[in-house]
Amino acid sequence: MEWQMWFTMISVGLMFVMLAKTRIPPEWICLGTLVLLLATGILTDKEAVAGASNRGMLTVAILFIVAGAFQETGAIQMLTFLLSPRIKKMPVALLRMMVPVTVLSAFLNNTPVVAIFIPAVKAWAKKIKVPVSKLMIPLSYSAVFGGTCTLIGTSTNLVVSGIIEKDMGVQIGLFEIAKAGLPFALLMFAIVTIMSILLLPDRSSAIEQMGDPKQYTMEMIVNPGSVLIGKTIQQAELTEENDINLLEIIRDRESIPATDYSMKLMEDDRLVFGGVLGMISEVQKIKGLVPVMDRLFEIETPRPDRCFVEAVVSNSNRFIGRSIVGTHFRHIYDAVVLAISRAGKQIQGSLDSIKLEEGDTLLLETHPQFYLRNKNSQDFHLISQLEESAAPRYNKAILSCVVLVGMIFCATYFNIGMFRASAVAAAILLMTRCITFSQAYRSVDMQVLLVIIAAFGIGKAMEKTGAAEFIATQMVGLGGGSPKMVLSMLYITTSILTEMVTNNAAALILWPISLAMANQMGVSWMPFAFAIMMGASASFATPIGYQCNMMVFGPGGYRFSDFLKIGVPMNLIAWVIMSFLIPIMWPF
């Protein structure tokens, strides 16, 4: 199979180049390579689609739903209280932030964890007078540390364990990787703290530098029985130091400027806010507040099932010149007007006194089908559905925590496997409406799943054609036949590939190579498997190597060089640590 081997290696090489150098979505590049290997007869139909039925891949898909429920119920947000405003020392602040993020990321998808903590950390940085650029990269890195502590910490750990179970008949325990991951995380806490203080810039975020041209006016009402009743504006954290701009309070039809932070909130107070979309999104998630229009006029779609939509009013809209209150807006569009922006600026006064004009931008809370129903409507110039979800189901937060803990407990102590435990957990979360079916669909990252499916097939082609064994022979030769040296080379190869391409693709394609190396040297494959897991999970050097790094890029006001400055030393330190630690934990 000489030509098949060379054809496979060239195809995989070109795939890695395209992943690193082009803007084509990675799932299409990987699927294209898979189709090429299928079309040339190197892979059979069954081999090409085997990844779609792999237990590890299916577990990743199900865990997206579990993590989505944790986000939709606001359970993650409940833990942001750990960011105490009384902390004044930088090292303490970093550790106070990194520990809860690491713990959460060990059991949940890292993306929602970081997404929830970004606005919380921004507000916290302002309170404790620390540059946000000193905190955002450590926030992302702490999510990486959590991913190295459990089997479900990253999708890479799961899919590699899935292929190990299929190929070797060995089931990896939930906390097996923690033998290396936990000491690694503890060491890296200290290293990140020191390097963040010394190497990270003192720079405001890109959003703060550029500003946001669109300023909204929003009105919320204090619900009966709200936890905010009797609290002062300061105690409710509705202040500028929390990045919230409360303009006025309307009480008994009297407008009171929100300048006295000692003023206590009362039931049915109408709070008028002004600010950018991010602030508006955070305010509407505050427990105990609901949009005024939602109280005045009920719409068919329950609030937690809604999404955000921006719509620009056209000159043919029937409500131009009319107040939203007293019209049939909600009946026609099944939507609540959450906020209004006019010419990119805030509008003075209460929402029910505002008359619509052409060009007004409405922030609507509505059914996800609103966009499809109205995208060709003459009533709006432009409609765009936003990624932010509607108000969390706070009353389901405790339940989602119990289900998550139960899933982990059952998978660990009853030996039922993570696939079965996560499937039952997801079913319970759906049946109890901790997450709706539409939200469950949206929570599944199809890009990740398609890359995993394609990488399984490509890895099979590497094994089948002898390409994996050929590359393994070369690496064993370069390592002088020393298992420790070869393992060290495998780790750094995985780490470098992960910085340039997707971690799942790098791990799955290197697995057959690592197995061939272990067989050639007559040693255990276990340390090589964990070297791949750790190398693919610990990605620090570039914003493109790890999704969470890219998420903090803008909020931290970073440049590409900032990641290289701190990330390259981090990768090298991780390489040294793992080269010594892995052979100790899993002997050859």
Practice prompt. Specify which of the listed residues (557, 567) is over 13 Å from residue 180 (Cβ atoms), small (Gly, Ala, Ser) and part of a loop (DSSP other than H, G, I, E, B).
Written response: 557
Worksheet item: Exactly one of (1) of a type in the set (Gly, Ala, Ser); (2) surrounded by fewer than 24 Cβ atoms within 10 Å (Cβ to Cβ); (3) part of a helix (DSSP H, G or I) is unmet by residue 161. Its number?
Response: (2)
Worksheet item: Which condition breaks for residue 582 when tested against (1) surrounded by fewer than 24 Cβ atoms within 10 Å (Cβ to Cβ); (2) on the phi < 0 side of the Ramachandran plot; (3) not acidic (Asp, Glu)?
Response: (1)
Worksheet item: Would you say residue 310 is out of contact with any Pro (no Cβ under 8 Å at 6 or more places or on another chain), crowded, with 16+ Cβ neighbours inside 10 Å, at pLDDT 75 or above and within 30 Å of residue 71 (Cα to Cα)?
Response: yes
Discussion item. Considering only the range 434-457, I want to know if a residue exists there that is over 23 Å from the mean Cα position of the chain (by Cα), surrounded by 23 or more Cβ atoms within 10 Å (Cβ to Cβ) and either assigned to a helix (DSSP H, G or I) or outside the structural domain of residue 153 (by TED's automatic domain parsing) (or both).
Written reply: yes
Practice prompt. With the condition kept exactly as written, say whether any residue in the range 223-233 is within 35 Å of the chain's Cα centre (by Cα), surrounded by fewer than 16 Cβ atoms within 10 Å (Cβ to Cβ), more than 27 Å from residue 395 (Cα to Cα) and in contact (Cβ under 8 Å) with a residue 40 or more places away in the chain.
Written response: no
Worksheet item: residue 509: at pLDDT below 85, touching a helix residue (DSSP H, G or I) at 6+ places or on another chain (Cβ under 7 Å), assigned by TED's automatic domain parsing to the domain that holds residue 143 and outside any loop (DSSP other than H, G, I, E, B), yes or no?
Response: yes
Worksheet item: assigned by TED's automatic domain parsing to the domain that holds residue 181, at negative phi and surrounded by fewer than 24 Cβ atoms within 10 Å (Cβ to Cβ): does that describe residue 121?
Response: no
Practice prompt. From the list 267, 248, pick out the single residue that is surrounded by 17 or more Cβ atoms within 10 Å (Cβ to Cβ) and either modelled with pLDDT of 85 or more or under 25 Å from residue 395 (Cβ atoms) (or both).
Written response: 248
Worksheet, complete the sentence: Those residues of the range 259-287 which are under 17 Å from residue 226 (Cβ atoms) and in a loop (DSSP other than H, G, I, E, B) amount to 263, 265, 266, 267, 268, 269, 284, 285, 286, 287
Worksheet item: residue 111 versus (1) over 14 Å from residue 551 (Cβ atoms); (2) surrounded by fewer than 24 Cβ atoms within 10 Å (Cβ to Cβ); (3) within 15 Å of the chain's Cα centre (by Cα); (4) among the hydroxyl-bearing types (Ser, Thr, Tyr): which is the lone unmet condition?
Response: (1)
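Among what's in the range 458-499 and is small (Gly, Ala, Ser) and without any contact (Cβ under 8 Å) to a residue 60 or more places away in the chain, pick the residue that is surrounded by the most Cβ atoms within 10 Å (Cβ to Cβ). Full working, then the answer.
First, the residues of the range 458-499 that are small (Gly, Ala, Ser): 459, 461, 466-468, 472, 477, 479-482, 488, 495.
From what's left, without any contact (Cβ under 8 Å) to a residue 60 or more places away in the chain: 468, 472, 477, 479-482.
Details: 468: 26, 472: 24, 477: 11, 479: 18, 480: 8, 481: 11, 482: 13.
Here the residue is 468.
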Fill in: Meets criteria (over 28 Å from residue 231 (Cβ atoms) and at pLDDT 80 or above) for residue 326
no
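The values are calculated or read from the model by the stated rules, or taken from the named source; none is laboratory data. The model shown is predicted, which means the values in this text are computed figures rather than measured ones. A quick note on method: Cβ atoms are made from the backbone with ideal geometry, for glycine too, and the neighbour counts reach across all protein chains shown.
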